[in-house]
Each structure stands twice: as structure tokens, then as C-alpha cells.
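Here is the structure we will look at, set down as C-alpha cells.
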Amino acid sequence: MSNIRFTRALVLSQNYHPEPIGSGPYMTELAEHLAAHGMKVDVVTNRPNYPDGHVPHEFRDGRKDLEIQHGVTIRRLKPTLINERGVVGRLIGEGMFLLRGLLALLFVPGRRRTVVVSLCPSIFTVLLGWIAAGRRSAHFAIVHDIQSGLAAGLSFLGDGRLLTWLRRLEAFALNRADVVLVLSEQMQEQLRRIGVTARIEILPIWIDTAKVAPQPVPRSNEIIVMYSGNFGRKQHLGQVIDMAERLQRQGSGIRIVLRGQGGEEQTLLRAVRDRKLSNVSFGPLVPAANLADSMAQADIHIVSQHPDIADFAVPSKIYTIMAAGRPFVAAAPEASLLWQMSEASDAFICVPSGNADALAQAMDRLARDEDARAALARNGRDYVVRLHDRNRVLDGFLDVVESAVEARRNAA
């Protein structure tokens with residue numbers, strides 16, 4: 001980083017600390033990593049509201065809208081929270097973030113700003129990054145979700161004009177970035193299909209393997225299976241309820257714990273009640289400081305993915321589970337990234353998404369085999385330490401930043 005040390009970086013993300021899941025923790029670590037390497041970092045974000053769509057009491061009055069944490073100056077904006085949290089409501093909220101962000105940029109120091117980083121799933125945030133970068137700064141668009149792909153896969157927009165407009169907007173915004181960073185080769189291919197011709201690099205999800213490490217597993221007479229994270233449509237958690245129903249019918253004795261919040265929470269609670277499932281319980285997300293202990297409370301974790309969105313998003317929780325040294329079963333489309341990772345890491349079992357019978361069978365089989373669970377756990381921990389450790393991945397990001405900044409200077 002010697003060439004860009006002591007210059008300014010601007011990070012634009014609708015999500016940031018203290019949000020416990022989603023992209024917030026990753027953007028927080030990225031901004032703090034830049035600051036730790038000598039850059040003066042400004043962040044423009046929303047007041048925290050994910051995943052439940054409510055701003056915590058201590059952030060509502062705006063007293064925490066300007067803070068400095070770990071060398072990062074954070075400017076928080078009042079979010080526009082639409083009661084109907086479908087894709088149209090989300091787009092309205094994201095559009096308002098763009099407008100409020102433009103105003104906020106007037107108060108963010110711009111002199112000697114070399115780097116602008118924007119996060120998509122919000123393509124409006126990428127547009128804000130392009131405007132903020134102007135002609136002087138290198139713009140890096142990080143794509144964690146491809147919005148048009150998720151909208152099409154979940155049938156939010158159909159195949160009509162709005163979906164076509166969204167794809168064109170994505171291509172327009174991303175083609176104006178110096179570098180687009182995606183999570184996988186599948187996402188890279190999908191962006192090429194919608195017309196993105198900019199430089200694309202793969203920046204995988206990272207995990208702090210020192211902070212999230214294996215903990216002693218509490219001894220219990222029952223096997224605990226846990227899902228932890230957002231309760232949303234793209235998680236396709238209906239198949240987990242179907243699995244629970246089959247396991248209860250079989251008298252397996254497995255207990256399923258669902259920890260999280262999100263738009264599908266009431267639907268899941270209603271399904272458990274209507275089916276009289278005594279083997280399912282719900283709980284809140286735990287604070288980040290207790291994450292490793294929380295992971296250890298489950299004998300097996302579960303990752304659930306909607307079959308139509310595998311190429312447009314990557315469930316980040318898999319890296320946390322592996323770092324914690326826990327085995328898991330993933331329900332995902334065949335030939336997807338998760339299936340490829342299962343073969344490469346030998347750390348988890350994959351079954352076809354939407355096949356509750358296969359999911360129940362895999363869970364029951366793994367629950368009966370303690371040695372298999374231990375082997376998967378060891379393999380997962382080794383895999384993330386080698387390939388997804390936070391410092392390794394973010395140092396790679398710094399290399400990409402430096403090369404792009406140097407190329408921009410040479411072209412000037």
C-alpha cells in the first residue's frame with residue numbers, strides 16, 4: 001500500500017456496524033482494514049436497521065450519526081424504511097439512500113481522495129460511488145448480490161420492463177467502476193451476461209479465523225441442528241420446516257433451532273404452529289462477541305438456499321460455520337458454488353435444494369455419525385484458514401486497489 005498510504009478512502013454501504021449479519025460486518029472490517037494500513041477512511045451508511053427493518057432506539061435521534069470508530073469516520077443517514085419490503089420497496093429505499101448520500105458527500109472531505117468503495121446489492125450505492133469518484137478517484141464496486149438475478153429468481157419483478165430496466169442500470173453503473181469485485185466465477189459470468197465489460201476480480205467472503213475459532217461442544221443427550229441468520233425469501237427456509245416435519249414423524253430426536261429475524265419470520269412461526277412441530281424452537285441472533293460460542297451450541301448447522309438464485313448470491317454464513325469448526329448440511333442447486341465447495345473442502349454435505357426428504361435423510365445420517373461430523377469440522381476449519389482468512393483476503397484486496405490506482409496514475 002505504499003503508493004496510496006495516507007490518502008483518503010470513501011466507503012459507501014447501506015449496511016455497517018453494529019448490524020450483526022449480512023454485509024454490515026464485512027464492510028466494517030474492510031473499512032477498518034484500510035484504516036489500519038494508513039488510509040484516512042470515511043464511511044457513508046444508513047442508521048442500523050438490518051435484518052428486522054427497525055432502527056435501534058439509541059440511533060433514532062441522530063446523536064450517533066457522526067462517529068469515529070477504529071480510525072474510521074462514520075456518517076449515518078436516516079434510512080427510508082418501506083412497510084412493504086418487497087423489491088419495489090427496497091428500490092425506493094435504496095434510491096433515497098442515493099439522494100441522501102449525494103447531500104452527505106458535501107460534508108465528506110474529498111481532497112486527495114484516491115479510493116471509493118461501494119457495495120452492491122444496491123446498484124444505487126454503486127451509482128453513488130461513481131459520482132463520488134468523479135475523474136480523480138478509483139472506484140471499486142463490490143458485488144455481494146446481483147439484484148436483477150435475485151429479483152428474477154424470486155419472481156419479484158417478473159420478466160417485464162422493470163426487470164429489463166434494472167439489468168440495464170446494473171450494467172451502466174458497474175461499467176463505470178475501475179474494478180468490479182464478485183464472490184465467485186458464477187457471479188462473474190452472470191454479470192458478463194447482462195453486459196458488464198469492466199474489469200472483474202474475485203474477492204471471496206472472508207472470516208476472522210482468530211476471532212471465530214472452534215469451541216468445546218456442550219454435551220447433550222440430543223442432537224441440535226441450527227440455522228442462524230436472516231429469515232428471508234432467498235434463504236428458502238420452508239424446506240427446513242418440511243425437513244423438521246419429516247424428522248418428527250420419524251421420531252429422530254433431533255432438535256432444530258432457528259435463530260434470526262427477517263421478513264419470513266411470521267410465516268415460519270405460523271408453519272411450526274400449524275404443523276404442531278415440537279422439535280423446532282426460535283431464538284434471537286447473538287451478539288458478535290458471542291458468535292463462536294453460539295456456533296458451538298449446535299452439533300450440525302444448516303444452510304438453505306433458494307434453487308433459483310445460486311448464481312447471484314453466496315451465503316456468507318458457511319465461512320463462519322467452517323471457521324467455528326462445525327459440520328453442516330447445505331440445501332443448494334446441483335452444480336452450484338456450494339456443491340463445488342463441498343467437493344473441494346470435504347467440509348459439508350450438499351443435497352438438492354427443495355428436496356426435504358433428501359435434507360432429512362442427510363441430517364439423520366450425520367446425526368448418527370459422530371466421527372463423520374468431527375472429520376467435516378476439521379476439514380472446514382482447515383479450508384477457511386487456508387483460503388478465506390480475513391487478513392489474507394483483504395491484503396489481496398489491497399493489492400487490487402494499489403494496481404488499479406497505479407494504472408489510473410499511469411494513464412493520467
Legend entry - Qualifying positions in the range 304-328 - outside any helix (DSSP H, G or I), among the hydrophobic types (A, V, I, L, M, F, W, C) and either without any contact (Cβ under 8 Å) to a residue 60 or more places away in the chain or not assigned by TED's automatic domain parsing to the domain that holds THR267 (or both): PHE328
Inset, instruction - Go through the range 213-269 and give me each residue that's among the charged types (D, E, K, R), part of a strand (DSSP E or B) and out of contact with any Pro (no Cβ under 7 Å at 6 or more places or on another chain). - result: ARG255
Inset, instruction - With respect to SER304, determine if the residue is over 23 Å from HIS17 (Cα atoms), touching a Pro at 6+ places or on another chain (Cβ under 9 Å) and among the hydroxyl-bearing types (Ser, Thr, Tyr). - result: yes
Inset, instruction - May I ask you to list the residues in the range 102-125 that are in contact with a strand residue (DSSP E or B) (Cβ under 6 Å, 6 or more places away or on another chain), over 21 Å from THR7 (Cα atoms) and in a helix (DSSP H, G or I)? - result: THR125
Legend entry - Given (1) at pLDDT 85 or above; (2) within 17 Å of the chain's Cα centre (by Cα), number of the condition HIS306 does not satisfy: (1)
Inset, instruction - Could you please give the count of residues in the range 270-293 that are assigned to a helix (DSSP H, G or I) and either at pLDDT 90 or above or among the hydrophobic types (A, V, I, L, M, F, W, C) (or both)? - result: 9
Inset, instruction - Find the residue count for the range 375-395, including only residues that are surrounded by 15 or more Cβ atoms within 10 Å (Cβ to Cβ), in a helix (DSSP H, G or I) and among the acidic types (Asp, Glu). - result: 1
Inset, instruction - Select from the range 200-212 the residues that are surrounded by fewer than 18 Cβ atoms within 10 Å (Cβ to Cβ) and either assigned to a strand (DSSP E or B) or without any contact (Cβ under 8 Å) to a residue 60 or more places away in the chain (or both) and list them in ascending order. - result: GLU201, ILE202, ALA210
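The values are calculated or read from the model by the stated rules, or taken from the named source; none is laboratory data. Because the structure is a prediction, the values reported are computed rather than measured. For neighbour counting, all protein chains shown are included, and Cβ atoms are generated from backbone atoms with ideal geometry for every residue, glycine included.
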